[in-house]
Amino acid sequence: MISTQPLPLPNKMQRATDCPGKEKEFGEQKPEYQDGSDCPDYSPAAADYNSESPRILKILQKWVPTVSPYFDKEHYCYADQQITIQESIEHFGAVVWPGALALSQYLESNQQEINLKDKKVLEIGAGTGLVSIVASILGAYVTATDLPEVLENLQWNISRNTQHMNIHQPEVRKLVWGENLSEDFPKSTYHYDFILASDVVYHHDSLDPLLTTMAYLCQPGTVVLWANKFRFSTDFEFLEKLGNILLVTLLAEFPESSIKLFKVTVKEN
């Protein structure tokens with residue numbers, strides 16, 4: 001996840017006050033594409049995915065204000081659990097991005113549709129670990145992966161939020177997209193029920209290795225859940241490439257935040 005164009009850090013908007021309940025919703029926001037274009041050639045209608053009746057949603061404010069001397073810690077509430085996340089502005093991967101909020105909310109709100117209990121789950125580009133923590137709370141066997149320089153903060157967040165809970169303890173591992181996949185995650189040994197990814201696609205140099213990684217990990221029976229804030233024309237280009245090799249279905253949209261949530265599976269012959 002090497003960025004070639006800086007991304008602005010997520011805005012800290014007006015948040016909710018209680019956990020759980022009393023969530024408010026983000027205000028209206030126009031879709032933004034930070035390369036300065038309206039992306040006319042990459043409209044959702046032109047993309048190669050199944051978009052029959054996607055759910056139109058808003059990101060609920062799950063942030064919990066807590067008096068803390070640490071400016072770099074945020075507090076969220078998912079699945080009736082308060083989650084403390086330590087961020088780092090030194091790495092893009094160590095910040096909670098909007099796609100992680102959307103995916104966490106969807107997993108929490110659709111447990112009958114997406115039952116994670118006792119399922120094997122791998123998160124790629126786990127960043128701060130928020131999505132992996134939520135998946136763990138919901139009962140999954142989780143492996144959270146990211147680049148080596150992010151793992152220390154990722155491990156801290158996951159340990160801080162799961163070590164005293166009666167859940168399957170998550171594993172933290174290095175995964176560099178496109179590198180040593182067959183050696184580190186041989187298909188004969190590792191088969192995941194779900195692959196989770198949020199805001200892994202933006203304007204960076206690792207989109208082709210990311211595509212290779214998704215295609216490798218998405219085996220028959222695996223469901224990839226990918227939530228992404230669409231900012232650049234390259235995001236739609238990646239979506240088109242992904243649809244050429246895997247079956248991509250649009251599950252939900254968060255229009256105010258320009259976020260789309262996709263289900264990705266192996267194409268049937």
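Scanning the stretch 180-198 for residues that are acidic (D, E) and out of contact with any Lys or Arg (no Cβ under 6 Å at 6 or more places or on another chain) returns E183, D184. In the set G139, G93, only one residue is within 25 Å of P209 (Cβ to Cβ) and either at pLDDT 95 or above or touching a strand residue (DSSP E or B) at 6+ places or on another chain (Cβ under 6 Å) (or both); that residue is G93. Among the candidates V150, V121, the residue that is within 23 Å of V201 (Cβ to Cβ) and part of a strand (DSSP E or B) is uniquely V121. Screening the stretch 250-269 for residues that are open to solvent by 10 Å² or more (accessible area, probe 1.4 Å) and under 19 Å from L116 (Cα atoms) and picking the one that is farthest from the chain's Cα centre (by Cα) gives T265. In the stretch 168-215, which residues are of a type in the set (V, I, T) and surrounded by 20 or more Cβ atoms within 10 Å (Cβ to Cβ)? Hits for the stretch 168-215 are V172, I195, V200, V201, T213.
The listed residues are I114, I137, I158, and the only one of them that is surrounded by 18 or more Cβ atoms within 10 Å (Cβ to Cβ) and touching a Ser or Thr at 6+ places or on another chain (Cβ under 7 Å) turns out to be I158.
Taking the stretch 184-225 as the range and being in contact with a strand residue (DSSP E or B) (Cβ under 6 Å, 6 or more places away or on another chain), closer than 13 Å to V264 by Cβ and either charged (D, E, K, R) or without any contact (Cβ under 8 Å) to a residue 40 or more places away in the chain (or both) as the test, only V201 passes. Among the listed residues E87, E113, identify the single one that is modelled with pLDDT under 90, more than 17 Å from H168 (Cβ to Cβ) and of a type in the set (D, E, K, R). Selected residue: E87, the only one of E87, E113 that is modelled with pLDDT under 90, more than 17 Å from H168 (Cβ to Cβ) and of a type in the set (D, E, K, R). The condition of being among the hydrophobic types (A, V, I, L, M, F, W, C) and assigned to a strand (DSSP E or B) holds for only one of A144, A100, that being A144. For the structure I just gave you, tell me whether Y106 is touching a Lys or Arg at 6+ places or on another chain (Cβ under 9 Å), farther than 19 Å from L60 by Cα and hydroxyl-bearing (S, T, Y). Spelling it out, it is not the case that Y106 is touching a Lys or Arg at 6+ places or on another chain (Cβ under 9 Å), farther than 19 Å from L60 by Cα and hydroxyl-bearing (S, T, Y). Applying the criterion of being closer than 18 Å to A94 by Cα and part of a loop (DSSP other than H, G, I, E, B) to the residues of the stretch 190-238, the residue that is modelled with the lowest pLDDT is H203. State whether the residues of the stretch 239-248 include one that is touching a residue at least 24 places away in the same chain (Cβ under 8 Å), in a strand (DSSP E or B) and open to solvent by 10 Å² or more (accessible area, probe 1.4 Å). Looking through the stretch 239-248, at least one residue is touching a residue at least 24 places away in the same chain (Cβ under 8 Å), in a strand (DSSP E or B) and open to solvent by 10 Å² or more (accessible area, probe 1.4 Å).
The values are calculated or read from the model by the stated rules, or taken from the named source; none is laboratory data. Quantities reported herein were computed from a predicted structural model and do not represent experimental measurements. All Cβ positions, even for glycine, are placed from backbone atoms using ideal geometry, and neighbour counts span all protein chains on display. The area values use the complete protein model at the heavy-atom level, side chains included, leaving out ligands, DNA and RNA. Shrake-Rupley method; radii C 1.70, N 1.55, O 1.52, S 1.80 Å.
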